[in-house]
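See below for the structure under consideration.
The values are calculated or read from the model by the stated rules, or taken from the named source; none is laboratory data. Here the structure is a predicted model, which means the values were calculated and not measured. Every residue, glycine as well, gets a Cβ built from its backbone with ideal geometry; the counts of neighbours run over all protein chains shown.
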Amino acid sequence: MPDATTPASDDILRVEDLKVHFPVMQGVVIQKQVATVKAVDGISFTLKRGETLGLVGESGCGKSTTGLAVLRMLPPTEGRIVFEGEDIAGHDEERMRGIRKRMQMVYQDPYGSLNPRMRVRDIVGEPLEVHGLGDDRRALRERVSALIAMVGLLPDMADRYPHEFSGGQRQRIGIARAMALEPSLIICDEAVSALDVSIQAQVVNLFMELQQRLGLTYIFIAHDLAVVRHISDRIAVMYLGKIVEIATRDELYRDPLHPYTQALLAAIPIPDPELEATRPQQIISGEVPSALRPPPGCRFHPRCPHAMDVCKTTEPPLKGRPGGRAVACHLHP
């Protein structure tokens, strides 16, 4: 494990060598597998209770697939997913039903993730009814009202439909729904990327306020490193199905070790035009390779300005370093 220094007793989640591969089939009547998409290809990380782990990287790097696999909404191909001391990687739907009360997701699209034919009251209360906790109608109504107030919405909004709300308000409804079963782990999958910048700040602050009040644990998936820096305790950087660097937020932004991390941070604009104009540009050349045919050795080497011969043939392991950080790069043996 890259951060084995973390005490096991504090871990709410431990992911070990997780792989999620998708077969590519060919043929109509008789199908045969002709290739494999390695969306997530052997990642490991731990998550402490009450912590926020940011998961960042370019589109298609496997961030959302990782989140779905942790929730067992996608079946893992290999690896272990130890949630609150129980390996859930091989659980069937029946065994996952009770566990899913303790792990929930807030989705990227606040427009598509809410049923347009249901009132807000029913959307927020649906998880309680699905898990058999809505038999007492009065208690259910009170619980839903408390959840709606918890995310900053007014009581009379409970009887409206999703189309009557702004994007930020809809995402608050999604957060209230995720909170209904009092989960210990929430996976936020690009939960603010579809919102205006000013609204993003409000929603991120709401996440942090709820975490402080309720002791929640988050995996915060995003591509906006400025947002991730604001909310995360630690950050894992993914590239083409692999984690290439894990560090605390301050360490990562102060001293990024992997060339891919360095390029991502260099792309964050500075709100000072004069300072921005004098900053050296660090542009990643080329396109992200296909997960169907990842390059040999280090997967970043075709785009890396520091690539060496060893990078083209030997895949660097994710090696732990002092302070609990880890990096997968031949420049840092």
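A few notes on this one:
- Filter result for Ile283 (modelled with pLDDT under 95, surrounded by fewer than 16 Cβ atoms within 10 Å (Cβ to Cβ), among the hydrophobic types (A, V, I, L, M, F, W, C) and under 16 Å from Val56 (Cα atoms)): no
- Of all residues in region 307-326 being buried (at least 16 other Cβ atoms within 10 Å of the Cβ) and not in a loop (DSSP other than H, G, I, E, B), the one that is farthest from the chain's Cα centre (by Cα): Cys311
- Some residue of region 17-27 being in a loop (DSSP other than H, G, I, E, B) and on the phi < 0 side of the Ramachandran plot: no
- Looking only at region 210-245, residues that are of a type in the set (A, V, I, L, M), part of a strand (DSSP E or B) and at pLDDT 95 or above come to 8 in all.
- Taking the conditions (1) over 16 Å from the mean Cα position of the chain (by Cα); (2) charged (D, E, K, R); (3) not in a strand (DSSP E or B) in turn, Glu58 satisfies each one other than (1).
- In region 220-246, the residues that are among the hydrophobic types (A, V, I, L, M, F, W, C) and in contact with a Phe, Trp or Tyr (Cβ under 9 Å, 6 or more places away or on another chain): Phe220, Leu225, Val227, Val228, Ile231, Ile235, Ala236, Val237, Leu240, Ile243, Val244, Ile246
- Within region 71-101, the set of residues being exposed (fewer than 15 other Cβ atoms within 10 Å of the Cβ) and basic (Lys, Arg) comprises Arg95, Arg97.
- Just one of the numbered conditions (1) closer than 15 Å to Ala180 by Cα; (2) without any contact (Cβ under 8 Å) to a residue 24 or more places away in the chain; (3) surrounded by 15 or more Cβ atoms within 10 Å (Cβ to Cβ); (4) not hydroxyl-bearing (Ser, Thr, Tyr) is not true of Arg121: (2).
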